[in-house]
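This report refers to the structure that appears directly beneath it.
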């Protein structure tokens, strides 16, 4: 099954252009706003979960952050980002992994995830994700998921929609909610997807 999932996403990125997938976002305003609010040091360790060919890494580099990791299940997605960044890609660590298989060997000051968590629809997958996050995170987490008003499927796959209360409850043993916002994402197809973006801080006793 995991091989099938990887093949599925490799096919997406090998056959569709950036403007042909719904999650494309020219400027990740919400993510950048949350990150700015944390006042992180420029050498803070940041990991972008399911980052694919997202432009978030471009903006983090422009802001002067020097310890950035991008993780994605698709090698093709990361290849796109590396090609776009050119020489700057050498400043970034790239990890090809299914998030449910990820065994972090570093601790991160910020864990960012826009639109990976909601693809985990089984309890076991969600538990694996939270265990990895709890192991890896020293300080902050940002998660963007489809809200209860958002799509029920993405790229042909079912997703799990979240309310603020449900997302907070799901992560409450390890993380304290700081702030949540709602965002309407305009896709390249001119449709609207409603996202829930929340920031969290790891409970001190779990650090």
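Please give the FRET efficiency for residue 105 paired with residue 16, using the beta carbon to beta carbon distance and R0 = 35 Å, rounded to the nearest 0.05. Show your work: numbers first, answer last.
Details: r = 32 Å, r/R0 = 0.92.
For residue 105 and residue 16, the calculated efficiency is 0.60.
Which residue fluctuates the most in the chain, going by a Gaussian network model with Cα springs under 10 Å, if the choices are 130, 73, 143?
The residue with the greatest mean-square fluctuation here is 130.
At q = 0.19 Å⁻¹, what is the log10 ratio I(q)/I(0) for the chain, with the Debye formula run over Cα points and no solvent?
-1.70
Quick check on the chain: helices-only [θ] at 222 nm, where DSSP H runs of length 4 and up contribute -39,500 (n - 2.57) each and the sum goes over total residues. Nearest 500, please.
Taking each H run of at least 4 residues, the total per residue is -9000 deg cm²/dmol.
Under a 10 Å cutoff between Cα atoms, tell me which one of 62, 153, 177 has the largest fluctuation in the Gaussian network model of the chain.
In this elastic network of the chain, the residue with the biggest mean-square fluctuation among 62, 153, 177 is 62.
Just 124, 148, 42 to compare: in a GNM of the chain, with alpha carbon springs under 10 Å, which one fluctuates most?
124
Quick check: Cα centre of region 163-179 to Cα centre of region 73-143, how many Å?
For region 163-179 versus region 73-143, the Cα centre distance is 19 Å.
Between residue 138 and residue 157, what is 0.36 nm times their sequence separation minus the Cα-Cα distance? Round to one decimal in nm.
3.7 nm
A short reminder: the numbers here are calculations on the coordinates, not readings from a lab. Note that the coordinates shown come from a computational prediction; the quantities given were computed from them, not determined experimentally. Cβ: placed from backbone, ideal geometry, glycine included. Neighbour counts: every protein chain shown.
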